[in-house]
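Input: a single structure, listed below in structure tokens.
Every read-out reported here was derived from the displayed coordinates using simple, explicitly stated rules and does not represent laboratory data. In this text the structure is predicted, and so the values were computed from the model without any measurement. Counting neighbours? That spans all protein chains shown, and the Cβs are built from the backbone with ideal geometry, glycine included.
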Amino acid sequence: MDFEWDMAKSNLCQISRNFDFTYVISIFADPNLLIEKDQRWDYGEERFRALGVIDQKVFVVIYTKRPLAIRVISARRANRREVRLYEENHSS
């Protein structure tokens, strides 16, 4: 699986959240990855929200699918509600 992203956004994420997009793409290796369609707005493209664990912490990655890669749009640590959602979907 190939990934792409805007380097300026990745750098901003590094500055503001202490991790970059290179780090968060490992979320896609989580066997319990939870993916939902992001329908909060009309983005002009189909976007998805992935919830998964990296280093025992739940993260959220917003991405879109491109013909040859997954394009990361944003990433952050999950909030309490999202952590609970992830845990409820993988408690079995």
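Regarding segment 57-77, can at least one residue be identified that is exposed (fewer than 12 other Cβ atoms within 10 Å of the Cβ), within 14 Å of D30 (Cβ to Cβ) and out of contact with any Pro (no Cβ under 8 Å at 6 or more places or on another chain)? Yes, some residue in segment 57-77 is exposed (fewer than 12 other Cβ atoms within 10 Å of the Cβ), within 14 Å of D30 (Cβ to Cβ) and out of contact with any Pro (no Cβ under 8 Å at 6 or more places or on another chain).
Scanning segment 12-33 for residues that are touching a residue at least 12 places away in the same chain (Cβ under 8 Å) and more than 22 Å from D2 (Cβ to Cβ) gives R17, N32. Taking segment 1-56 as the range and being within 27 Å of N89 (Cβ to Cβ) and among the hydroxyl-bearing types (S, T, Y) as the test, the residues that pass are T22, Y23, S26, Y43. Residues considered: L68, L34. Of these, the only one that is aliphatic (A, V, I, L, M) and touching a His at 6+ places or on another chain (Cβ under 8 Å) is L34.
Assessment of segment 15-35 against the conditions (of a type in the set (G, A, S), under 11 Å from the mean Cα position of the chain (by Cα) and loosely packed, with under 15 Cβ neighbours inside 10 Å) yields at least one matching residue. For segment 33-58, a tally of residues being under 23 Å from R81 (Cβ atoms) and in contact with a strand residue (DSSP E or B) (Cβ under 7 Å, 6 or more places away or on another chain) returns 14.
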